[in-house]
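> Below is one structure. I have some questions about it.
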């Protein structure tokens, strides 16, 4: 492969072609392989960096272990506000989060914010709660248990306000460096008033880094004029991303048609009603702006898909498809709903690692929904067969940014028949993610002459040479698909390690 001025100039193995580049700098990969660089279609960069630079609770194995980690951090940073992320009580023996009193016993009067892994609920110390006037009157409040809904958004905003500019800056750069080190050259930042707020978003826009950031702003509008004005104000690529229709299954806030199996009186939360969903879609389509929502539960999906059907009736499928509308997560979707979305060209920005972490008969999904309902979640093959464009990401800090883990998870779904091929999964994490971000030139995310020279060099790791010959061959595909040879990604196989990341000819890592 020859690269000139940030563009792939030539591909081949013949000496005649090579002779055109006699004065080129030649790099011998010594057994490594090159593939199109990845794009993460859903991420929160500052929060991801805060996980890297702050208190990481993803390894907590019990409520007491979680509190011990907080105690150690408090002792090492006396008097400083605490921002922590990642506890997951569904993996603990008693499935019980720390209480406010237990957290207070560890941190004293220090404001402490401990986000659950899905970031839709959090344990907050009294020192933080007291900084939010009127908190007990807000939806989602509980005096002893984790806060959710509006109460969570308020304490999260206050905890965010306590971060210093240096903490935020260091976190962003740490996240961007980690992204580049993972072979990712572009990300879709899902920003919004209830995510990082306008200051965080504008600080990110001003950050100088080689990783390309495509930003979405999750705020609802009701007219085309409002949509255009908000795009002008924010500089976002669309009014999409984490515009919450509902919450998350782990926090019992995803909006369901039937109650949770482990909470019979609960069907989750509706944050955006049917009229507001339709108003937003109609306004954005009229303005030619990308719209979208965070949508997980089947009741939430139903409300959105019904609005999409009405949208197509008014504007026609081609006009709707041109806007590049997208849905984040889309975990509980039926075949009929997938067909409607496919006909409208609405993209599904999904996170395969959700199934890897929480799927299966004994996973969190089965606990929350029962085994039968849980088995239908994240149906990648159903959506692909209905013509729904797929784009894959991490939702970091919720799951790992490692894109090969994403590809493996999509091709090894817990539910038989819901997986897609490694080739299709790789395409969703490269070409599909570029397309979902508005790049529709037909070549971004590939390595063909004329394409941007955005690629990564990978070491595939040790292969089992004692295994049968056909089991150690690198997975490959017809060259006409423009997907390169890919490594084995069976469960247990080591994931490739990134040696170098290049975007438009510029080295970002390695």
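> Please report the relative contact order for the chain, taking Cα pairs under 8 Å with a sequence separation of at least 6, and give it as a percent rounded to a whole number. Could you put the intermediate results ahead of the total?
Working: 1114 pairs, mean separation 89.1, N = 510.
Answer for the chain is 17 percent.
> For each of 489, 163, 114, count neighbouring Cβ atoms within 10 Å of the residue's Cβ, then give the residues from fewest to most. Let's see the in-between values first.
Working: 489 21, 163 17, 114 29.
Ascending Cβ contact count within 10 Å gives the list 163, 489, 114.
> What is the order of 118, 273, fewest Cβ neighbours within 10 Å to most?
Details: 118 22, 273 11.
Exposure proxy ranking, most exposed first: 273, 118.
> Moving on. Need one number: the % of Cα-Cα pairs in the range 241-436 sitting beyond the 30 Å mark.
Numbers: 2773 of 19110 pairs.
The proportion of pairs with Cα distances above 30 Å equals 15 percent.
> If I stretch the segment between residue 336 and residue 314 completely, what's the gain in nm (0.36 nm per residue apart, minus their alpha carbon distance), one decimal? Show your work: numbers first, answer last.
Working: separation 22, 0.36 × 22 = 7.92 nm, distance 1.98 nm.
That works out to 5.9 nm of additional length.
> When the Kirkwood hydrodynamic radius is evaluated over all pairs of different C-alpha atoms of the chain, what value in angstrom, to one decimal, is obtained? Before the final figure, lay out each step's value.
On the way: mean 1/r = 0.0423 Å⁻¹.
So the Kirkwood estimate lands at 23.6 Å.
> Moving on. Label the range 45-161 by shape, choosing from rounded, prolate and oblate, from the square roots a ≥ b ≥ c of the eigenvalues of the Cα gyration tensor; if a/c is under 1.5 it is rounded, and otherwise prolate applies when a/b is larger than b/c, oblate when it is not.
On the way: a/c = 1.32, a/b = 1.18, b/c = 1.11.
Rounded shape, in that the Cα axes give a/c under 1.5.
> Need one word for the range 88-145: rounded, prolate or oblate. Basis is the Cα gyration tensor (sqrt eigenvalues a ≥ b ≥ c); a/c below 1.5 gives rounded, then a/b vs b/c decides.
On the way: a/c = 2.03, a/b = 1.38, b/c = 1.47.
Verdict is oblate for the range 88-145.
> Percent of Cα-Cα pairs per 10 Å bin, from 0 to the last occupied bin, for the range 132-248, please list those.
Spelled out bin by bin, the range 132-248 gives 12, 36, 35, 16, 2 percent.
> Another question, if that's okay. For the range 207-341, just the Cα set please: Rg and Dmax, both in angstrom.
In Å, with Rg to one decimal and Dmax whole: 15.5, 49.
> What is the projected area of the convex hull of the Cα atoms of the range 197-257, averaged over all directions, in nm²?
It is 6.0 nm².
> Can you put 325, 77 in order of Cβ neighbours within 10 angstrom, beginning with the fewest?
On the way: 325 26, 77 13.
Starting with the residue having the fewest Cβ neighbours, the order is 77, 325.
> Rounded to the nearest 500, what is the 222 nm mean residue ellipticity of the chain from helices alone, with -39500 (n - 2.57) per DSSP H run of 4+ residues and division by all residues?
Details: 20 runs with 181 residues, N = 510.
Here the helix-only value at 222 nm equals -10000 deg cm²/dmol.
Quick note: the coordinates plus some simple rules give every number you see, no bench work behind them. Predicted, not measured: the structure shown is a model, and the values here were computed from it. Ideal geometry is used to build each Cβ from the backbone, glycine not excepted, and the neighbour counts take in all protein chains shown.
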